[in-house]
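Right, one structure below, let's go through it.
The values are calculated or read from the model by the stated rules, or taken from the named source; none is laboratory data. What you see is a predicted model; the values in this text were computed from it and never measured. Here the Cβ positions follow ideal geometry from the backbone for every residue, glycine too, while neighbour counts run over all protein chains shown. Quick note on the areas: whole protein, heavy atoms, side chains included, nothing else; ligands and nucleic acids left out. Shrake-Rupley method; radii C 1.70, N 1.55, O 1.52, S 1.80 Å.
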Amino acid sequence: MRSVVDTPISRDGRSIIIAMDHGLERGPIVFEDNPERADPSAVFDIATHDAVTGLAVHQGVAETYYPSYDDSVNLVAKLNGKTSMVMGDRYSPPIWSVESAAELGADAIGYTVYTGSNREADMFSEFAAAREDARDADLPVVLWSYPRGQGVNDHNAPDTVAYAARIGLELGADMAKIKYPGTREGVEWAVRVAGELPVLMSGGASVSEEAFLRDVATFMAGGGKGLTVGRNIWQRANPTATLDKLERLVFEDATVEDVL
Amino acid sequence: MRSVVDTPISRDGRSIIIAMDHGLERGPIVFEDNPERADPSAVFDIATHDAVTGLAVHQGVAETYYPSYDDSVNLVAKLNGKTSMVMGDRYSPPIWSVESAAELGADAIGYTVYTGSNREADMFSEFAAAREDARDADLPVVLWSYPRGQGVNDHNAPDTVAYAARIGLELGADMAKIKYPGTREGVEWAVRVAGELPVLMSGGASVSEEAFLRDVATFMAGGGKGLTVGRNIWQRANPTATLDKLERLVFEDATVEDVL
Amino acid sequence: MRSVVDTPISRDGRSIIIAMDHGLERGPIVFEDNPERADPSAVFDIATHDAVTGLAVHQGVAETYYPSYDDSVNLVAKLNGKTSMVMGDRYSPPIWSVESAAELGADAIGYTVYTGSNREADMFSEFAAAREDARDADLPVVLWSYPRGQGVNDHNAPDTVAYAARIGLELGADMAKIKYPGTREGVEWAVRVAGELPVLMSGGASVSEEAFLRDVATFMAGGGKGLTVGRNIWQRANPTATLDKLERLVFEDATVEDVL
Amino acid sequence: MRSVVDTPISRDGRSIIIAMDHGLERGPIVFEDNPERADPSAVFDIATHDAVTGLAVHQGVAETYYPSYDDSVNLVAKLNGKTSMVMGDRYSPPIWSVESAAELGADAIGYTVYTGSNREADMFSEFAAAREDARDADLPVVLWSYPRGQGVNDHNAPDTVAYAARIGLELGADMAKIKYPGTREGVEWAVRVAGELPVLMSGGASVSEEAFLRDVATFMAGGGKGLTVGRNIWQRANPTATLDKLERLVFEDATVEDVL
Amino acid sequence: MRSVVDTPISRDGRSIIIAMDHGLERGPIVFEDNPERADPSAVFDIATHDAVTGLAVHQGVAETYYPSYDDSVNLVAKLNGKTSMVMGDRYSPPIWSVESAAELGADAIGYTVYTGSNREADMFSEFAAAREDARDADLPVVLWSYPRGQGVNDHNAPDTVAYAARIGLELGADMAKIKYPGTREGVEWAVRVAGELPVLMSGGASVSEEAFLRDVATFMAGGGKGLTVGRNIWQRANPTATLDKLERLVFEDATVEDVL
């Protein structure tokens, strides 16, 4: 890893990255309750919030919408992806090159690795190649570190989450996105075994705002450096209100009681 | 995506593309009721109709017949293909390079992706590579966006069609060909989740002219930008008559009652 | 395809190509009844007959024997091959490069594709690559178009043979070798759906000379452009006599009654 | 192989290499009894001990921590790796390039090959490629020679360990890490069949210090050239004390009785 | 093929090549009865015998020991290999490049192809690539032509051995190593179908010296051009004595009665 402190996707070493790769990863069903968010412009608008240090999208969305937001949004180019229709071993192939992302003006790259899948080896090799390209392009690398597969009983279990964090360090990511392991002790252990690597909390499926903010607060208290969040922002009626609260939790050391 | 408005395969943002990849994809049985259409020249002749913005064929057909029609037909180079004889996971390999298609004078490239197939990942990666080559050659990219596989119960279902449309946007196509989802609401949702990406209706198997035109009219009313049609044109006794009607539906905002 | 009329492997648009790839494809057992033909020189000698427009052999045989015959034989470089010992999905990998064949002085390339096999996709891609290389080297491409696999019940059935012929056109071969479909109607349909692509009859296993010549005559009457023949020539006691008759059938519009 | 005598990872032809690839290979659970060792700096500190001729870590750990230790630690760049979560055939893909490792200042490369696995062939080819790159970069190559798979009943059996040693010689490693085969005779046979190739003992899971030192002493007495050790060092409360003893055993021909 | 007559590995068109790839292919167990032969130097010494036209070893052994023997031994660089521990389809991957072998001073390359294996296609393609590289480096190619797999009942059967010989010719080897087919007639047929390609007898497992020499004599009488021998030389107490006899059989047309 290299320090992300001096990169656009981090502010004082902390980050709030919005992810909107769900159109590909989960399909338009994610927009059903809030159809206006099916328009990527709506999510780019949300991402102009001061608290947001980056927006992670796939190639087509970036190419189409990012040029109108290049002054107000930091682009995290999500290089690999898959749909929810595909069965079999969990695997996410590279579908965007670092070179092309850099040309578009990306500020960082994002890459998912499903460790433990029968195709772990392919993803390790492909991630390694993307990481080297990112080094050459001087772009930081955010790893979606997601254990999955026959040997993974519970991908939210503290041991699994800690393993995910350590994998980020070992594979040379500059930041790793991990699941919330359920407790502050779990977060602390994951943070500890990640060494100098900043870890971000994965937002996951939409829950009540309070529940979500409590998890974020615990994650920050345990040493986390922010979060990567999608549905818990753009599936809400008022994403700005939630981002205001996240800003205080992540960047201003507020407690959850302060913001609720 | 990039806007196709200024490319030959679109007129005022709308398109009627004739596809004749069926000789490879389905075999000569498709010509049995109208044997003269087995001669590609006959289909190239049809494609000289004013309403037609492009003709999609495979490499061998293009190389053999397109040079005689390069003034009167816009070539959509269909880069990948398979036969109906092959069993197993749905997969269509690249069999024509963008470079070679561009040399022949192609106006656009066409590419099929069977999302949901066990080989989705291969097709995603290969499509991404073709798309980058097409960018370099300054050619627009039309995606045949076809969900197929174990996880796809009904590839004409509105949710599946909407997913197919969104995939076109996420993968960076410039236009996507999707199935007709059965209702205007289905079309509207697919169009909405595709964002700025123009979607074209897939013609499908031959049906009565009226039934076909009603579907096209509904597709246009729902926000579609035209169609890619094969058998419903060149399997008919009088393709010109049908194209005359399609021209009014697609480019002149006529209703189906106007044209019948 | 490009016209083969002006290439050495065609005379006035018609061809008789001798194939001797059987040493690899079927093993030396094919030489048991006529052991002297195990010597490739003997088959090269046969191929010096005026009626023969080309001899198709694998790399090793070509490299060893062709230099002594480069004035009297046109070389069809058979680029891919397999043995009869291998089980599993029908697949023939590339084992000779166009570049190396061209250096040796080849007049054309030959390539087998087993459409319908579970490895159809690999063979399509590899054939496409070889075809592009052949274009660069200005060599015509002869496709051995052989449907095989789970989805192919009878590879001599007229529909299957017609499909094979069309595949030759769609994939951009300059000539296709297909099975004899059993009737003149079958030949006519295959010829029709192949468009401008010349189709050659596959010789197949040895049969009586009369039966063989009758098939050839019907094939020519149905619009075929000649044949690619192996065992029905070099497994015979007197190949020259048979070639004399084939010459009249293929190039001089003789009937089978004329030559018998 | 080339002689490692004149390289930093060997002293008078003998080596003590500390391995800390376990964060990736086995997960943070290896740090549970000694959580401070989860911090790679703690292990780099241990590796500054005079007896240590190299420290083997993966790319991310090297890139993050090695720059602070480049004067005091010799870096063995571990080029391939896997996690313990993955099921199926044992396989470790390349995830770091020799070129990138050399750029960081690596003194040697390390590579694991699971001979006998169904993916032996892939690992042989990939190791061969890495080895050629290492030759170009003038870096010695340490092979983790680990037989695994259906055909391997007991990877600690003397015959298997001897085979592992010979594989190191045959594949062109400059040093091979093998299991302790249980007896001095076993070590001698492995050393003999390795020819001029130096073999190092694999440390394995933590055991009592005395048991460990006895194995090392026997290994050295049998002709071994040192060891590669991980958990038996950094899982201990006092690694320095153990390293002091190892130094005497490995470099000063001390007996186990001398050091206990 | 190209003539090997003017290359170092042949004398007047005949060859005795010693193979010592068994350390990798079968493991050190082959050295158990004669442990001093585990030292590659001992086998290089044997190969300095005047009768020996080449020594075939893998990369690591060649790199380590050949430089001391480059004046007295001709190196056959064995480019591919596998161990006896691996299960599944018979396959031997390339683990040494022609370029690297040529740099070390190799006089020829050796390559094993397991025809009939489910991985025949991979080996055919990889052999073809190696052969082209060898042509560029002007090195003759010796094929270990070994039918194996589901479709091969008995790899010593005369038909199978003849097929193996023909494969050598068809694939463009310059020399092929085949099994002894049991009878002089079997040898004659294999030699005949190989055309101009010289065939060498594979030594196989150790048998009594007399039995071995009788096979060699029959092989030579049937038209063979020598042998590639390993265990029947270096597993013997007195390899020189056996080589003296082989020299007379192979190069001096002696009968087995002459030499016994």
Next item on the list: Pick out the one residue from A:Asp122, A:Asp70, A:Asp50, A:Asp45 that is of a type outside the set (Val, Ile, Thr), open to solvent by 30 Å² or more (accessible area, probe 1.4 Å) and closer than 25 Å to A:Glu170 by Cα.
Entry: A:Asp122
Check: How many residues, within the range D:29-40, are open to solvent by 20 Å² or more (accessible area, probe 1.4 Å) and at the interface with chain A (Cβ under 8 Å from one of its Cβ atoms)?
Finding: 3
Margin query: From the list E:Ser202, E:Ser208, E:Ser125, exactly one residue is within 8 Å of chain C (Cβ to nearest Cβ) and hydroxyl-bearing (Ser, Thr, Tyr). Which is it?
Written below: E:Ser125
Check: Do we have any residue at all in the range E:78-91 that's within 16 Å of D:Glu120 (Cα to Cα), of a type in the set (Ser, Thr, Tyr), more than 7 Å from every other protein chain (Cβ to nearest Cβ) and open to solvent by 10 Å² or more (accessible area, probe 1.4 Å)?
Finding: yes
Notebook entry, point to check: Since D:Gly172 meets every condition but one in (1) touching a His at 6+ places or on another chain (Cβ under 7 Å); (2) of a type outside the set (Val, Ile, Thr); (3) buried (at least 24 other Cβ atoms within 10 Å of the Cβ), which condition does it not meet?
Noted result: (1)
Margin query: Report every pair of residues separated by at least 6 positions or lying on different chains whose Cβ atoms are under 9 Å apart, first residue within the range D:3-15 and on the phi > 0 side of the Ramachandran plot, second modelled with pLDDT of 95 or more and of a type in the set (Phe, Trp, Tyr).
Written below: D:Asp12/D:Phe251
Next item on the list: Look at the range B:230-246 and say how many of its residues are open to solvent by 10 Å² or more (accessible area, probe 1.4 Å) and touching a Gly at 6+ places or on another chain (Cβ under 9 Å).
Entry: 1
Next item on the list: Would you confirm whether any residue within the range A:215-225 is farther than 17 Å from A:Gly54 by Cβ, assigned to a loop (DSSP other than H, G, I, E, B) and at pLDDT 95 or above?
Entry: yes
Notebook entry, point to check: Considering E:Leu227, E:Leu249, which residue is touching a strand residue (DSSP E or B) at 6+ places or on another chain (Cβ under 7 Å) and buried (at least 24 other Cβ atoms within 10 Å of the Cβ)?
Noted result: E:Leu227
Notebook entry, point to check: From the list B:Ala157, B:Ala134, which residue is surrounded by fewer than 24 Cβ atoms within 10 Å (Cβ to Cβ) and either closer than 30 Å to C:Val4 by Cα or free of Cβ contacts under 8 Å to residues at least 40 places away in the same chain (or both)?
Noted result: B:Ala157
Next item on the list: Can you tell me which residue within the range C:142-154, out of those that are within 16 Å of the chain's Cα centre (by Cα) and at the interface with chain B (Cβ under 10 Å from one of its Cβ atoms), is farthest from C:Val76 (Cα to Cα)?
Entry: C:Pro147
Next item on the list: Scan the range D:177-210 for residues that are in contact with a Pro (Cβ under 9 Å, 6 or more places away or on another chain), open to solvent by less than 60 Å² (accessible area, probe 1.4 Å), more than 14 Å from D:Leu227 (Cα to Cα) and part of a helix (DSSP H, G or I) and jot them down.
Entry: D:Gly186, D:Trp189, D:Ala190, D:Val193
Note to self: Against the definition (free of Cβ contacts under 8 Å to residues at least 60 places away in the same chain, closer than 21 Å to D:Leu227 by Cβ, basic (Lys, Arg) and open to solvent by 10 Å² or more (accessible area, probe 1.4 Å)), how does D:Arg26 come out, yes or no?
What the structure shows: yes
Notebook entry, point to check: What tally of residues in the range D:45-56 results from selecting those that are in contact with a helix residue (DSSP H, G or I) (Cβ under 7 Å, 6 or more places away or on another chain) and either within 11 Å of another protein chain (Cβ to nearest Cβ) or part of a strand (DSSP E or B) (or both)?
Noted result: 1
Notebook entry, point to check: What is the residue count in the range E:95-114 for residues that are surrounded by fewer than 22 Cβ atoms within 10 Å (Cβ to Cβ) and either within 7 Å of chain D (Cβ to nearest Cβ) or more than 15 Å from the chain's Cα centre (by Cα) (or both)?
Noted result: 7
